[in-house]
Amino acid sequence: MKNLLLLTLIAFTMLLSCDPPKEQAKESKTADKTIISKKDVKLTSDIMTPEVLWHFGRVGGVSVSPDQSKLLYGITYYDIDENKGNTDLYMSNIDGSNVKRLCETAGGEYEARWFDNKKISFMSAESGSMQVWFMNVVSGAKTEATNIDGGITGYKFSPDQSKLMYTKDVKLDESVLDMHPDLPKANAYIETDLMYRHWDHWHDYTYSHVFVADFSANGTANAKDLMEGERYHSPLKPWGGTEQINWSPDSKHLAYTKKESFGKEYALSTNSDIFIYYTESGTQENISNGMMGYDVAPTYSPDGTMIAWESMERDGYEADKNRLIIYDVEAKQWKDYSATEFDRNAHGLSWSADSKTVWFTCDHLARYEIFGLNVSTGKFHQMSEGDHNYRSVEEAGDILVTTKQSMASPTEIFTINIATKEETQISFVNKDILDQLTLATWEERWVETTDGKQMLVWVILPPHFDANKKYPALLYCQGGPQSAVSQFFSYRWNFQMMAANGYIVVAPNRRGLPSFGQEWNEQISGDYGGQNMKDYLSAIDAVAKEPFVDEDRLGAIGASYGGFSVFWLAGNHEKRFKAFISHDGMFNLEAQYLETEEMFFVNWDLGGPFWDKSNKIAQRSYANSPHKFVDKWDTPILVIHGEKDYRIAYTQGMSAYNAAVLRGIPAKYLHFPEENHWVLTPQNSILWQRTFKGWLDQWLKE
């Protein structure tokens, strides 16, 4: 459950679209394939609404052309009536000028990247299955580059463009229909092992494999499955993409991420490894053998002598420190550069052109900053500072091309001058809407905890805030559980949206959150319902003393571990709160242990199974299960859950709601049959926001 917000990060491949001829565009309209584009939004109020959130353009997939003169990126727009979104491709000069829209279709294109300075590649299902296509960025002409049987799920060309890596789902297991062909209408699963469902889908008897093929103007030839017959995945599911697979500069090697386990072993372990495939000999090598945690996203230095990747040390711990590892290709040795002096996490590694620096994003004091590692000295240096979250970084000559967001702004493209660290915004996708809004402001506070430590707490103030008035306040409980309360701009748990509803939001970086060192981050494991709950109460108690806060109108809200926190606080809040909202929260930890899919998570965070009576950590966890305190519930509660959430099954939410009703407590249950751990579609999200606001207004406003 760690980083479900983040990220996010950060986590989905950008949906990219391209422009058809005018006649095709008309046919698409006739076939009810509506083209979704940017709307001219004229607001009637300067206060944020749920509908405004869904008008923002979402920028991503930024890449620099080989000659470092151009940028390619995608912008996703949503249509509330159509209840869906679409991403179009844009190109600009490196300084953000001369923006050109490359695409405008109803269909989807994926993984757009530069092939050369005049041509881009992308994936499209226009011909019936997902294939690689080319587009001339000057003329707009498109051609299909591959015709791979069954289609593909990802791709990357080798630097010399003579080979193509692609990923594809390969069926290796029997389905019910395979076993009983005379029952074609039977709708069932037969399972004999674990990990039969993951995140929001059931196992479909396929495994994601990496293929390498020769490539020419005639398409692909001599394709080889690097994982033939293996019941393993590359990239890793559910969040891995082609960032986990990269070519060497000389096109002779391919480094990729693989987790060599399945079934029960897969559910219990986080151990993945980095493999090198040698194209000339056809042989492979595990270069992270013996490293027992997550090892992912290998990327070669431009001179080909080194491979950097992200690594966690301990098996089964998904929130372990994300280390920066560099492997010497010739010496066949690796080094942990963040072992001693760098007590932070490294994400999204990219190399400088001279192979002397590794750039990355890093969670630091409730923000995400750009950092660099000088490989020769082993020293880290910070390139940015401010209230923001940097999300990606790529070097282009004497600048870094980055994407950045904050509590006040969705993601936009920026550059940073490497010599001066001067930052420049170069895209303004959402300026027209932001200019019409009066936004919430925020303060950074440091609150003393019950054990004498200092905790960073964000206090978000409503638009048009008047310190002479009293406002109801919300304690925001973060999910993850180990996911920083940073400067994120969420499209559901949006601090601007909450404050625009007329609430002060108190958002503590309680124990168990990254960006304050590993000790602070790790404290929560095995201590659910412990010190981090005291941290929550320390934060709300401190802010409630302010003259502009009405301490008689306090609420607590949260999702995932934040939802667990709300359920726990409902039985332990000593009448501080007048309303609760829990989304996708854990209610009964004993049931949660057996209902979730990634068993390594509950083993690490809860300490083990509830039947192990000799395990003191586990028994303490289960003794703190929220369902044990229902007899003390006395406060109205809204419970929300998605039926396709297989991380925390919807029965957890239903159980909590039923308990509240049976106890005679005012309660409401909002159930989404087609949503998972998040709420991803526009109309469901707007319904979520309206229900969220309505419940709080009912109980916290006069």
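The values are calculated or read from the model by the stated rules, or taken from the named source; none is laboratory data. Because the structure is predicted, anything quoted here is derived from the model rather than measured. FYI the Cβ positions are ideal-geometry reconstructions off the backbone, even for glycines, and counts take in every protein chain you see. Protein only, heavy atoms only, side chains kept; ligands, DNA and RNA dropped before computing areas. Shrake-Rupley method; radii C 1.70, N 1.55, O 1.52, S 1.80 Å.
Residues that are surrounded by 14 or more Cβ atoms within 10 Å (Cβ to Cβ) and in a loop (DSSP other than H, G, I, E, B) within region 126-136 comprise Glu126, Ser129, Met130, listed in sequence order.
Scan region 42-61 and give yes if some residue there is on the phi > 0 side of the Ramachandran plot, assigned to a loop (DSSP other than H, G, I, E, B), open to solvent by 40 Å² or more (accessible area, probe 1.4 Å) and at pLDDT 95 or above, otherwise no. No: region 42-61 contains no residue that is on the phi > 0 side of the Ramachandran plot, assigned to a loop (DSSP other than H, G, I, E, B), open to solvent by 40 Å² or more (accessible area, probe 1.4 Å) and at pLDDT 95 or above. Taking the numbered list (1) farther than 21 Å from Met130 by Cα; (2) without any contact (Cβ under 8 Å) to a residue 40 or more places away in the chain; (3) polar (S, T, N, Q) in turn, Ser248 passes all entries but (2). Filtering region 65-76 to residues that are farther than 12 Å from Pro410 by Cβ, assigned to a strand (DSSP E or B) and open to solvent by less than 20 Å² (accessible area, probe 1.4 Å) leaves Leu71, Leu72, Tyr73, Gly74.
Against the numbered list (1) open to solvent by 20 Å² or more (accessible area, probe 1.4 Å); (2) closer than 22 Å to Glu597 by Cβ; (3) among the β-branched types (Val, Ile, Thr), Thr691 comes up short only at (2).
For region 295-322, filtering for residues that are within 18 Å of the chain's Cα centre (by Cα) and at positive phi leaves 1. Taking the conditions exactly as written (touching a Ser or Thr at 6+ places or on another chain (Cβ under 7 Å), within 20 Å of Ser162 (Cβ to Cβ) and not polar (S, T, N, Q)), does Tyr256 satisfy them or not? In short, yes.
Against the condition open to solvent by 10 Å² or more (accessible area, probe 1.4 Å), at pLDDT below 95 and of a type outside the set (S, T, N, Q), how does Glu674 come out, does it pass? Spelling it out, it is not the case that Glu674 is open to solvent by 10 Å² or more (accessible area, probe 1.4 Å), at pLDDT below 95 and of a type outside the set (S, T, N, Q). Only one entry of Thr49, Thr76 meets the criterion of being under 30 Å from Ile399 (Cβ atoms) and of a type in the set (Val, Ile, Thr), and that entry is Thr76. The set of residues in region 90-114 that are at pLDDT 95 or above, open to solvent by 30 Å² or more (accessible area, probe 1.4 Å) and in a loop (DSSP other than H, G, I, E, B) comprises Ile94, Asp95, Ser97, Asn98, Val99.
Provide a single number: the residues in region 137-157 that are part of a strand (DSSP E or B) and surrounded by 13 or more Cβ atoms within 10 Å (Cβ to Cβ). Of the residues in that region, 6 qualify.
With respect to the stated conditions, Leu400 fails to be among the hydrophobic types (A, V, I, L, M, F, W, C), free of Cβ contacts under 8 Å to residues at least 60 places away in the same chain and more than 30 Å from Glu243 (Cα to Cα).
Let's see how each residue does on (1) within 19 Å of Val212 (Cα to Cα); (2) in contact (Cβ under 8 Å) with a residue 40 or more places away in the chain; (3) part of a loop (DSSP other than H, G, I, E, B); (4) open to solvent by less than 40 Å² (accessible area, probe 1.4 Å):
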site	(1), (2), (3), (4)
Asp116	no, yes, yes, no
Ser121	yes, no, no, yes
Pro159	yes, yes, yes, no
Lys168	yes, yes, no, no
Asp173	no, yes, yes, yes
Ile190	no, no, yes, no
Met195	no, yes, yes, yes
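The one condition from (1) buried (at least 19 other Cβ atoms within 10 Å of the Cβ); (2) under 20 Å from Leu365 (Cα atoms); (3) of a type in the set (Asp, Glu) that Glu395 does not meet is (2). Within the bounds of region 634-653, is there any residue that is among the basic types (Lys, Arg) and outside any loop (DSSP other than H, G, I, E, B)? No, region 634-653 contains no residue that is among the basic types (Lys, Arg) and outside any loop (DSSP other than H, G, I, E, B). Being buried (at least 24 other Cβ atoms within 10 Å of the Cβ), more than 30 Å from Leu437 (Cα to Cα), of a type in the set (Asp, Glu) and modelled with pLDDT of 95 or more, is that true of even one residue in region 516-523? No, that holds for no residue.
One residue stands out among those in region 336-351 that are exposed (fewer than 15 other Cβ atoms within 10 Å of the Cβ) and of a type outside the set (A, V, I, L, M): the one that is farthest from Gly293 (Cα to Cα), which is Glu341.
In summary, no strands (runs of 3 or more DSSP E) completely within region 233-316 bear 3 or more residues that are buried (at least 18 other Cβ atoms within 10 Å of the Cβ) and hydroxyl-bearing (Ser, Thr, Tyr). Within region 418-439, does at least one residue satisfy the condition of being within 30 Å of Phe587 (Cα to Cα), part of a loop (DSSP other than H, G, I, E, B) and either open to solvent by less than 50 Å² (accessible area, probe 1.4 Å) or out of contact with any Lys or Arg (no Cβ under 7 Å at 6 or more places or on another chain) (or both)? Checking region 418-439: not a single residue is within 30 Å of Phe587 (Cα to Cα), part of a loop (DSSP other than H, G, I, E, B) and either open to solvent by less than 50 Å² (accessible area, probe 1.4 Å) or out of contact with any Lys or Arg (no Cβ under 7 Å at 6 or more places or on another chain) (or both). Does Arg553 meet the test of being out of contact with any Pro (no Cβ under 7 Å at 6 or more places or on another chain), open to solvent by 20 Å² or more (accessible area, probe 1.4 Å) and of a type outside the set (Asp, Glu)? Answer is no for this residue. From the list Gly558, Gly608, the one residue that fits, being under 25 Å from the mean Cα position of the chain (by Cα) and small (Gly, Ala, Ser), is Gly558. Here is a check on your reading of the model: is Ile370 surrounded by fewer than 22 Cβ atoms within 10 Å (Cβ to Cβ) and assigned to a strand (DSSP E or B)? For Ile370, the condition - surrounded by fewer than 22 Cβ atoms within 10 Å (Cβ to Cβ) and assigned to a strand (DSSP E or B) - is not met. Residues satisfying the criterion are present in region 446-458 (criterion: at pLDDT 95 or above, of a type in the set (Lys, Arg) and open to solvent by 10 Å² or more (accessible area, probe 1.4 Å)). When we screen Leu696, Leu670 for residues that are hydrophobic (A, V, I, L, M, F, W, C), assigned to a helix (DSSP H, G or I) and in contact with a strand residue (DSSP E or B) (Cβ under 8 Å, 6 or more places away or on another chain), the only hit is Leu696. If you go through region 560-594 and pick out every residue that is small (Gly, Ala, Ser) and open to solvent by 20 Å² or more (accessible area, probe 1.4 Å), you end up with 1. With a requirement of 1 or more residues that are basic (Lys, Arg) and touching a residue at least 12 places away in the same chain (Cβ under 8 Å), the helices (runs of 4 or more DSSP H) lying completely within region 446-564 that satisfy it span 531-544. If you go through region 197-228 and pick out every residue that is modelled with pLDDT of 95 or more, among the small types (Gly, Ala, Ser) and either in contact with a helix residue (DSSP H, G or I) (Cβ under 9 Å, 6 or more places away or on another chain) or open to solvent by 50 Å² or more (accessible area, probe 1.4 Å) (or both), you end up with 2.
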